[in-house]
Each structure stands twice: as C-alpha cells, then as structure tokens.
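Working notes for the structure below.
Please treat every number below as a calculation from the coordinates, not as lab data. Since this is a predicted model, take the numbers as computed values, not measurements. Positions of Cβ are backbone-derived with ideal geometry, glycine not excepted, and every protein chain shown enters the neighbour counts.
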Amino acid sequence: MSATAVAPRLLGVRRRRLGVLLALLASVAVAVVLSVTIGSKSVPLADAWHALTAPTGSENDLVIRSLRLPRTALGVLAGLALGVAGALMQGHTRNPLADPGLLGVTQGAAFAMVASIILLGASTLLTYIWYGLAGALVASVAVFALGMVGGRGGPTPVTLALAGTAVSALLYALTSALVLLDEQAMDVFRFWQAGSIASRGADVVWQVLPFVVAGLVLALVNAPGLNALSLGEDVARSLGQNIPLTRTIGIAAVTLLSGAAVAACGSLAFVGLIVPHLARPLSGTDHRWLLPYSGLIGAALLLTADVIGRVVAPPGELEVGVVLALLGAPFFVFLVRRRKPVRL
C-alpha cells in the first residue's frame, strides 16, 4: 500500500479516536453534573451553579460546596486512577483478569490502616489515608522485589502474579487477626472494605491529588514502552527498549495510582478489572489511547455507580463499592461469555 493511501487512513483513525475521547470527556461531565445535583436532597442545576459561582450560605450552597463537590472530585480522581492502573496492570502482566490489587496494594493499605489504629493510636480519616498509602507502597515494593528473585532482567508477569497473590494472602490474614483485637479497628476496616467516596472532605482530595497526578504522568511516559512489550520481550529488546526500566516505571505508576485511590476510598472492586475491557474495543491495543480512555471510563463509571447508590435506598444510600460489585460481577460474566478471551 502506497504512502499516499496510508496517510488518509491514519488521519481517519486519529480523528475517530479524538472523537471517542471527546465523547468520553462529555460522559464524565454528565456524570459530574449528576453527582453534584442528585442525592437525598436534589438540587436544581441552576442552584448548583449559583452555589459554585456566587454562594450566599444557603442550605443548597452548603450541600454543594461542603459535601457534593469534594465527593465528586474524589470520585473523578479515584476513577481515573483505578481505570489507568487497571489498564497498566493488564498490559504488564499480559493477563486480562489482572487488576491493581494483584500488586498487594489493597491489602497493604488495609493492613497499614488497621495497624496504625491499634499500634499507633491513629483516630482520624486524614491519618488513616497516610498510613494506608504508605502500606500500599511498601506492599507493592515487596511484591516487585519478590518478583525479581531468581530472575534475570527484572520481574516477569508470572512472578509478579505469584508474588502479588502470596503477599496479598499474607496481609489479609494479618489484617483479619488484628481487627479481632480492637473494636475501632474493626469498624474502620469494615467501612473501608466496602469502598466509599462519601464523608470525604476537600482536604482528602488535596492529599491524594499529587500522587494521582504523578501516577498519571508516569503512566503516559510508560505507554510507548508498553506498546513495545505487547509485541513480546524479544521484539521490544530489539527495538531498543530497556525492559526492566519500562516495567519499573509501570509498576511505580500502578502503585501511586491505586495506592492513593484505595487509601482514600477503600476497596473499589471491578473498576480496574472491567474498565480496560470497555476501553479496548474503542482504542485498540495502542496504550497511548487505551490509558486515557480507561481513565475517563473509570471516572464516569465510578460517579454513575455512586449516584445510583444514593437513590436506590432512600433515605439512606448504598456505598459505591457495593454498587460497583453488584453491577460489575454480572457485567463481567456477560463480557466473558460474549467475547473471545483477550490476548494481551
């Protein structure tokens, strides 16, 4: 095929991908509007806009600015982080069933939060987040180090999966033992395990924002190398890729993204697992497009699930982690039955 024939085709593909990107941005914007206006107390869109631009201290202003806005912002950050982390994890392990928890991030955060309550007297949400993030980082480093034992050139997908499973199982057992010793730790762990973006203030958003931004930057840097790795390590090496460095950057991105999300919001099942499967038919195998698509779909999905949780059980609400599990489990079964197994 001549270059003159290829150029229009490539231009068409790029335009289609940009169109999909704009559509996903629009879907996130719609989800943000729904998240800000819908709840146990619905707020008209005009009043919500007034609360953001010219607040007067009314009840609607307080609801929007103190409760809904931080909750929505955290939902966007967590959805972006988990969606991108899931796509990275599936790409690096070449396992379509992989999710960020495979690195031990979730159980590392849980163990650190419970241990901080029992051993260090931590008593506030802001303190839990820092310990949870530290635990997620330490667990990921441990999995990465174990994955390198006995290998050459860095961890492989198989050693990462095995090390992650072992570390996660150990940390879960230790966490379960600790929560039996302290009632406060059990209450915090139970609420955190359900997964929620409610009752988080703006200070929580600002604390996790730097980690999410750093993780997203590393993910975008990692995308070209991940494209090369998808062709096989031998091909990637022949193309000049530094495979250990590429894997290290990818694992660092997954750790920062998923660690920040789970430390602030708890265990949000199925986001990192399902979202890449939704994004891949739209983006193809090019991770330069798959990663942003996954992040936007993750944000829209998490906010939508949170809105559903607010309206299905009035006057109370279901935690977003519960809604995600209820929606995600049957959808994933449907996805597996309808599609051929994905080769990564």
query = What Kirkwood hydrodynamic radius, in Å, does the range 70-338 give when the mean of 1/r is taken over all pairs of distinct Cα atoms and then inverted?
reply = 18.5
note = Residue separation between residue 29 and residue 184 times 0.36 nm, minus their alpha-carbon distance, gives in nm 52.0 nm
request  = Kindly state, to the nearest 0.05, the FRET efficiency for residue 38 paired with residue 191, given R0 = 22 Å and r defined as their beta-carbon distance.
outcome  = 0.45
message = Helix check for the chain. Which DSSP H runs span at least 18 Å along their own axis by Cα, with a mean Kyte-Doolittle hydropathy no less than -1.0?
response = 3-37, 69-93, 105-120, 125-148, 157-179, 202-229, 243-265, 287-311, 320-338
task = Over the Cα atoms of the range 1-103, compute the convex hull volume and normalise it per residue, giving Å³.
result = 151
task = Give the peptides 14-24, 175-185, 189-199, 130-140 in descending order of average Cβ contacts within 10 Å, highest first.
result = 130-140, 189-199, 175-185, 14-24
query = In deg cm²/dmol and to the nearest 500, what is the mean residue ellipticity at 222 nm of the chain if only DSSP H runs of at least 4 residues count, each as -39500 (n - 2.57), divided by the residue total?
reply = -26000 deg cm²/dmol
Whole-angstrom gap from the range 1-75 to the range 203-254, using each part's C-alpha centre = 27
